[in-house]
1. Any residue that is touching a Pro at 6+ places or on another chain (Cβ under 8 Å) and either polar (S, T, N, Q) or assigned to a loop (DSSP other than H, G, I, E, B) (or both) - is there at least one of those in the range 258-268?
2. All but one of (1) in contact with a strand residue (DSSP E or B) (Cβ under 9 Å, 6 or more places away or on another chain); (2) surrounded by fewer than 19 Cβ atoms within 10 Å (Cβ to Cβ) hold for residue 175; which doesn't?
3. Against the definition (out of contact with any Lys or Arg (no Cβ under 9 Å at 6 or more places or on another chain) and surrounded by 19 or more Cβ atoms within 10 Å (Cβ to Cβ)), how does residue 144 come out, yes or no?
4. Does residue 268 fit the bill of being buried (at least 18 other Cβ atoms within 10 Å of the Cβ) and on the phi > 0 side of the Ramachandran plot?
5. So residue 74 ticks every box in (1) modelled with pLDDT of 95 or more; (2) under 20 Å from residue 8 (Cβ atoms) but one. Which box is left unticked?
6. Please identify the pairs in which a residue from the range 44-62 that is farther than 23 Å from residue 170 by Cβ has its Cβ atom under 7 Å from the Cβ atom of a residue that is among the small types (Gly, Ala, Ser), counting only partners at least 6 apart or on another chain.
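The values are calculated or read from the model by the stated rules, or taken from the named source; none is laboratory data. Keep in mind it's a predicted model, so treat the numbers as computed, not measured. Note that each Cβ is placed from the backbone with ideal geometry, even for glycine, and that neighbours are counted across all protein chains shown.
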Amino acid sequence: MPMLLIKGFYDIKGSQPDGDTVHFTADDPAEWGLVGGGGGRAVEHNAAGRTTLRLDAVDALETHYGPGRVHQPLQFAHAARDDLLKTLGFTDVQRQKETVTATTPETVPGWVLTRGADIHGRCIALAGAGAPPGTSGLDIDVDVAVLRKTVNHHLIAEGLTYPMFYRSLFTTLRTELAAVAVQAREARRGLWASDVTTTGAKVTGLSSLTDDVVILPKLFRRAVDYLALSMPLSCFPAFLAGVQDRYSVLSTGERRAGLHHIVEVTNGHTVRMTHQPEDLVFEDA
């Protein structure tokens, strides 16, 4: 499964990393032009080669979503962020609210494996620390052994983030990540001890989402956007139908448009998904 390897370093001062987003600088900025074979969406970066990574297959609880900068329960959102930075090699991180003001060390070496960028110009990547598993600027074969060296695999295996799969992710890698996600959930590691995505989240207002319930971030984002409309929660499925998220349900083979097919609202205030996150594969945005 070929992916482009780019060597560089993590430099997070002045940024607001969370559990699935972090800044990375390529040693050779010209190598960003090789992403996607030089076609498709470009990775946006500055002259020094610094860009934002969006960790592939990982969905961490939000620390600052949307114009209102709302968050999910910060105990778990910050746990994912802090573990990500520690795993990459930062031993101390100073912050002003969510913004990093200083780190020890100032930078840490690392590498990314990528095939493209998202609609915001962020590099969608598997990310690792230390010495790279190949030559920078070239495609390498990414198997499960390589995947297990990434922070993506680590975060899901430790139950610090949810799995979030898109069609561009290779099946063998998705299968491995799904398996460790199930193991983390069954062991009630990390956020899984509090997760109510499929059992039902009681939502009586925005504070329920920001302070109380632990749910899949994608569902959280849709719920936050809906609550801003000041409409009864019973109409949430109709809103989801209009958003038209496109995905496949692996267990049934169905291809769907709209999360209303897999989201229920009961008792006027309880929201639940009818499938686990690893059973869904979304179309690439």
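1. Yes, the conditions are met somewhere in the range 258-268.
2. (1)
3. No; evaluated as a whole, the condition is false for this residue.
4. no
5. Result: residue 74 fails condition (2) only.
6. 44/121; 49/8; 49/26; 61/19; 61/77; 61/80; 62/77
Conditions tested, residue by residue: (1) buried (at least 19 other Cβ atoms within 10 Å of the Cβ); (2) within 21 Å of residue 168 (Cβ to Cβ); (3) at pLDDT 95 or above; (4) touching a helix residue (DSSP H, G or I) at 6+ places or on another chain (Cβ under 6 Å).
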{"position": "201", "(1), (2), (3), (4)": "yes, no, yes, no"}
{"position": "229", "(1), (2), (3), (4)": "no, no, yes, no"}
{"position": "242", "(1), (2), (3), (4)": "no, no, yes, no"}
{"position": "247", "(1), (2), (3), (4)": "yes, yes, yes, no"}
{"position": "256", "(1), (2), (3), (4)": "no, yes, yes, no"}
